[in-house]
Amino acid sequence: TDLRPLDILSEAVPAAGQPRGMRVFQAQGVRGFQLSSSRPRALGFPASRLFIHCERFPEEFSIIVTLRALRGPAKRNEYIFTLMLEESPSVLVGLRYAPDKLHFLFWSQERAGGRQSRVTFPNVSLSDSQWHTLILAVSGQSFSLTVDCSIPKDVVVETPFPASLSVRRASFYLGTRRRRKGVFTGLLRQLVLLPGADATPRVCHAVNFKVATLSVPTALQDVPAKPVSNEVLKHPYGHDMKVTLGARPRCSKQEKAQFWFNASRRGLYLCNGSTWLSMLEVQHRLDYVEEYQNLVTNSETMGIEVFSIPKVGLFAAMANRITPPGSAIYRWMDGKFVHYQNIPTHQAQSWKYFTIGKKIFLAVANFEQNERGQEFSVIYKWSRRKAKFITYQRLSTHSARDWEAFVIEGEAFLAVVNHREGNNHNIDSVIYRWNPRTGLFETNQTIPTSGAYDWEFFTIGPYSFLAVANTFNGTSTKIYSHIYIWLSGSFQLFQSILTFGAADWEVFHIGDRVFLAVANSHSYDSGMPAPSNFYAINSSIYELNITAQMFVKFQDLLTYSALDWEFFSVGDDSFLVVANSFDGFTFSVNSIIYRWQGYEGFVAAHHLPTVGCRDWEAFHTAEGSYLFYSSAKEPLSKVLKLKTT
């Protein structure tokens, strides 16, 4: 287990630069080598350069590969690498993939003269133009494949890997079988052989599992986002460099790898094909918060959803309590929100904006029945012709509080929180799956919840999670809220956390650290003596402990009937703002912005006067950064501007 990794990819790259037949390209912020099919032999080197003291391939080993495979024909096979004798067309050891499977090849010596053996891993989808890290562990008859540090796929075969495979007069070839057919067409970042060990524990310790590394050639190592001293940024990826000045230009595939200089913010940005990424910018710091816009609403507002429709603009959907007139949608025009559309709702609690392909949707969680005594929550679809949201699908719900939309393995889902049915708070909440054939959401799974308020979906590496905020079980608010993990086609319980009238979960990242904050609203238990104050209660922040594979408490913060957390950043600084709604005496309570202070955790930085604060939303425009809060006690919401230095 102490044997050193043998970096096959680095060995193919001479110290003076990259060999002929290879070019450096960058995709999704990660560098890799693109191989040429015109000179397949140029991509090889003698195995003796790696096997210096022994001419035999290890009996037990791991192969670590990081690659980005392009979408290609359904039957196309491409080689990642091969080890071949100079005088023979047979493959001693090799790895090749098809669009939905991976093949490990080796030369078996069980029969006279030997024969080619193959171990196949089905249902391995690599041809999606995304980065993936593969770890293949081999020991005798056992073969194990781990993709992006997910659950290993294990295969046991009759023919074991040979205990003594000679590599004398053999050569490694990158992305080829020494001929033009089957040459690897994607990007190759890592190719390492680790003798005598399963590399999974050594590789799978970072958050970004798709580009987890053991050893990467120097030419592919990450470039610092900011140049050292006065060094000029270089652009080595084979594109013509162009710098645009003035207002924010479009960033699409056509502008990929082009630069934009924003004179007002003194920032240099790079287009990655969809978004302008900051390369050099004067970092702003939050100085203070000022009142920017008072928005008179149809009625008290239970929730806000801020979203942007491409080529149309920025919008805010308000979940208003009273019907009629229902809930309102506002559009950002000339630096202010102005009324755009009214939608009939029934004591709306929240909105959720999401897209499926080119379709744009907005779902409302209705808490009460309509005028016909029917209880529905409704999904609306954006009509490009009418430039408005129109009714698309009604779903039966029970005092719905929240919607959450998410995608897992290319499939779209929509989860509703059902709060109660009559006086029964212990009911099922429902997860719907999009059926692309019918164009409708259909029930996929039900999960028992207790007076639930909120769903929060998040991913960590290849894993998908869904957290529910359980609020009240009919007798107590001191109950467990649950985190579920997606395994084998459904959500299964991952962890339970004791909460006190939980109203919201907020997941956020600071560097490589993953946090989960819960807003506890009140402490009540019918079987216990009443506390001095039901509403002055700690809300908690939890941090993911990767070693323990669970969230552990990081910090408690005193809150007053907290109903929402919102995470946002200004420059390099991270913040959390809490919606304090009631302190036991008045709804006029300060909501607080906490600043991330590293070792100190989150420290109170700004106290914001609010009235019955229910929801916070952070958003950005070309004019600056803002916070938007809704009041559940008066028909007035406020937009606050973040003033920076």
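Within the stretch 112-147, being open to solvent by 10 Å² or more (accessible area, probe 1.4 Å), among the hydrophobic types (A, V, I, L, M, F, W, C) and either in a loop (DSSP other than H, G, I, E, B) or in contact with a Phe, Trp or Tyr (Cβ under 6 Å, 6 or more places away or on another chain) (or both) holds for one residue alone: A112.
Give the residues of the stretch 291-308 that are open to solvent by less than 60 Å² (accessible area, probe 1.4 Å), assigned to a strand (DSSP E or B) and either under 17 Å from I592 (Cβ atoms) or of a type in the set (D, E, K, R) (or both), sorted by residue number. Within the stretch 291-308, just E305 meets the criteria. Candidates in the stretch 517-560 are the residues that are touching a residue at least 60 places away in the same chain (Cβ under 8 Å) and more than 17 Å from T475 (Cβ to Cβ); of these, the one that is surrounded by the most Cβ atoms within 10 Å (Cβ to Cβ) is A519. Screening the stretch 604-645 for residues that are more than 27 Å from the chain's Cα centre (by Cα) and among the aliphatic types (A, V, I, L, M) and picking the one that is nearest to L557 (Cα to Cα) gives A604.
Please give the strands (runs of 3 or more DSSP E) falling wholly within the stretch 21-106 in which 3 or more residues are open to solvent by less than 10 Å² (accessible area, probe 1.4 Å). Spell out the reasoning first.
Details: elements: 22-27, 30-35, 44-46, 60-68, 78-85, 91-98.
Fully inside the stretch 21-106 and qualifying: 60-68, 78-85, 91-98.
Among the residues of the stretch 578-628, those identified as of a type in the set (S, T, Y), crowded, with 17+ Cβ neighbours inside 10 Å and more than 20 Å from A536 (Cβ to Cβ) are S625, Y626.
Taking the stretch 538-645 as the region of interest, the strands (runs of 3 or more DSSP E) fully inside it that hold 1 or more residues being among the aromatic types (F, W, Y) are 550-560, 562-570, 573-580, 588-596, 602-611, 613-621, 624-631. Here P152 fulfils each of the conditions (1) at pLDDT below 80; (2) assigned by the TED database to the domain that holds F81; (3) farther than 17 Å from A69 by Cα apart from (1). When P529 is tested against the conditions (1) part of a strand (DSSP E or B); (2) more than 21 Å from I447 (Cα to Cα), the lone failure is (1).
The values are calculated or read from the model by the stated rules, or taken from the named source; none is laboratory data. If you're wondering where the values come from, they're calculated on a predicted model, not measured in any experiment. No Cβ is skipped: glycine too gets one built from the backbone with ideal geometry, and neighbour counts run over all protein chains shown. Remember, those area values only see protein heavy atoms, side chains included, never the ligands or the DNA or RNA. Shrake-Rupley method; radii C 1.70, N 1.55, O 1.52, S 1.80 Å.
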